[in-house]
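The values are calculated or read from the model by the stated rules, or taken from the named source; none is laboratory data. None of these values were measured; they are calculated from a predicted model. Note: ideal-geometry Cβ built from the backbone for every residue, glycine included; neighbour counts use all protein chains shown.
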Amino acid sequence: MSNKKIMITGGRGMLGRQITDDFKGDHTIYIADIDDTDITDFNRFLKFTKEINPDIIIHAAAYTRVDGAETDSDFAYKLNALGSKNVAIAAEEVKAKIIYISTDYVFDGVSDKPYNEYDTPNPSSVYGRSKYAGEVFVRENSSDYIIARISWLYGLGGPSFLHTMNRLSVEGVHELKVVNDQIGNPTSTLAVSSKLKSLINLDKDLRGIFHLTCEGSASWYDLAVNFFKLRGLDQKVTPCASSEYPTPAKRPENSQLDKMNLRLNNLDPMPNWEDALKEFIDIEKW
Ligand SMILES: NC(=O)c1ccc[n+]([C@@H]2O[C@H](COP(=O)([O-])OP(=O)(O)OC[C@H]3O[C@@H](n4cnc5c(N)ncnc54)[C@H](OP(=O)(O)O)[C@@H]3O)[C@@H](O)[C@H]2O)c1
């Protein structure tokens, strides 16, 4: 393994912070967040990238407000689609590999099986469509890319579903109703970051789409119940249907991702979601 120059767009976000922390012993890290540059401003971003001349760009910057994107679609597309095109072109210009962080929301969730990397996306929300447009731009503009799809993300410092659950419980909400009819792979930033680091350190020329969500599946209700149990909080949680809590963005009922490309490349599996949750709860400063 050799020390590489790694630039992280969105490096001050929830996932970016974890990657920065985990990678800095092995690699030289450069953060490209909104205070440093702007991925939607092509000339500025290209200049920034050329000055750093990275070996790898991990592209984690995004418009991540899933419901907000329904009304703010121009901005979501500007950041997730055009911004990703800019990052891919800049990466190609300096001959860097791009690792684009994408999402389970590129699928519509109507299948009863986990989606693998060879299934055809059909996003049902503006956020999902804009992230998928970003994937297409990355494929079209980069000759050396990985698209890493992750889902149901939580990480140190949040914000995340778990941080919201924790806050509501600490504030004394008597009963929490949580949807039980959306199934997915809860995934910690620690697990994603650790897998990205091992893929990079392998020094193998991996390319293409990789699903990098934790193994095993749960509903949001299952996740909340497990969270409170592991936190040792005596919180009443009641399952409910998504129809009881309509949201502006349609979410996939089945968000499970099959990690087929890890298997096909003889790579270690992702950790189980319950183990990853326990690890996270133990080290988060609640
Ligand atoms: N969170 C999830 O559940 C989830 C699930 C699946 C996939 N993902 C994907 O995982 C990645 C990381 O997610 P996250 O939750 O860590 O996101 P995040 O916390 O929102 O981090 C994104 C970072 O990008 C920055 N940013 C915004 N506009 C920018 C611009 N024009 N140029 C440079 N940086 C900019 C943001 O700054 P501001 O905060 O100031 O805007 C923020 O620091 C994203 O690509 C997301 O789509 C997330």
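May I ask you to verify whether HIS174 is at pLDDT below 95 and either away from the ligand (no atom under 15 Å from the Cβ) or not polar (S, T, N, Q) (or both)? It would help to see each step written out before you state the result.
On the way: at pLDDT below 95: yes; either away from the ligand (no atom under 15 Å from the Cβ) or not polar (S, T, N, Q) (or both): yes.
It is true that HIS174 is at pLDDT below 95 and either away from the ligand (no atom under 15 Å from the Cβ) or not polar (S, T, N, Q) (or both).
Of all residues in the range 179-215 being among the β-branched types (Val, Ile, Thr) and closer than 25 Å to VAL110 by Cα, which is surrounded by the most Cβ atoms within 10 Å (Cβ to Cβ)?
Filtering the range 179-215 for residues among the β-branched types (Val, Ile, Thr) gives 179, 183, 187, 189, 192, 200, 209, 213.
Those left that are additionally closer than 25 Å to VAL110 by Cα: 179, 183, 187, 209, 213.
Numbers: VAL179: 18, ILE183: 18, THR187: 27, ILE209: 21, THR213: 30.
Restricting to residues being among the β-branched types (Val, Ile, Thr) and closer than 25 Å to VAL110 by Cα, the top hit is THR213.
Going through ILE58, ILE52 one at a time, which residue ends up being among the aliphatic types (A, V, I, L, M) and either closer than 22 Å to GLY155 by Cβ or touching a Cys at 6+ places or on another chain (Cβ under 6 Å) (or both)? Reasoning before the result, please.
Values: ILE52 fails: either closer than 22 Å to GLY155 by Cβ or touching a Cys at 6+ places or on another chain (Cβ under 6 Å) (or both).
Just a single option satisfies the conditions, and that option is ILE58.
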>> Here are the criteria: (1) in contact with a Phe, Trp or Tyr (Cβ under 9 Å, 6 or more places away or on another chain); (2) within 12 Å of the ligand (Cβ to nearest atom); (3) of a type outside the set (A, V, I, L, M). Tell me which single one LYS85 does not satisfy.
In response: (2)
> Consider THR164 against the criteria (1) surrounded by fewer than 18 Cβ atoms within 10 Å (Cβ to Cβ); (2) outside any helix (DSSP H, G or I): it satisfies all of them except one. Which criterion is unmet?
Replying inline: (2)
> If you take the residues in the range 143-168 that are in contact with a strand residue (DSSP E or B) (Cβ under 7 Å, 6 or more places away or on another chain) and away from the ligand (no atom under 16 Å from the Cβ), which one is farthest from GLU284 (Cα to Cα)?
Replying inline: ASP144
>> Can you go through ILE146, ILE150 and tell me which one is touching a residue at least 12 places away in the same chain (Cβ under 8 Å), hydrophobic (A, V, I, L, M, F, W, C) and in contact with a Lys or Arg (Cβ under 8 Å, 6 or more places away or on another chain)?
In response: ILE146
> All but one of (1) within 15 Å of the ligand (Cβ to nearest atom); (2) on the phi < 0 side of the Ramachandran plot; (3) of a type outside the set (Lys, Arg); (4) in contact with a helix residue (DSSP H, G or I) (Cβ under 7 Å, 6 or more places away or on another chain) hold for GLY68; which doesn't?
Replying inline: (4)
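Restricting to the range 71-81, count the residues that are within 21 Å of ILE147 (Cα to Cα) and either buried (at least 20 other Cβ atoms within 10 Å of the Cβ) or more than 10 Å from the ligand (Cβ to nearest atom) (or both).
Of the range 71-81, the ones within 21 Å of ILE147 (Cα to Cα) are 76-81.
From what's left, either buried (at least 20 other Cβ atoms within 10 Å of the Cβ) or more than 10 Å from the ligand (Cβ to nearest atom) (or both): 76-77, 79-81.
Residues flagged as within 21 Å of ILE147 (Cα to Cα) and either buried (at least 20 other Cβ atoms within 10 Å of the Cβ) or more than 10 Å from the ligand (Cβ to nearest atom) (or both) within the range 71-81 amount to 5.
Name the one entry in LEU156, LEU79 that is assigned to a helix (DSSP H, G or I) and of a type in the set (A, V, I, L, M). Talk me through it step by step, then tell me what you get.
Numbers: LEU156 fails: assigned to a helix (DSSP H, G or I).
Among LEU156, LEU79, only LEU79 is assigned to a helix (DSSP H, G or I) and of a type in the set (A, V, I, L, M).
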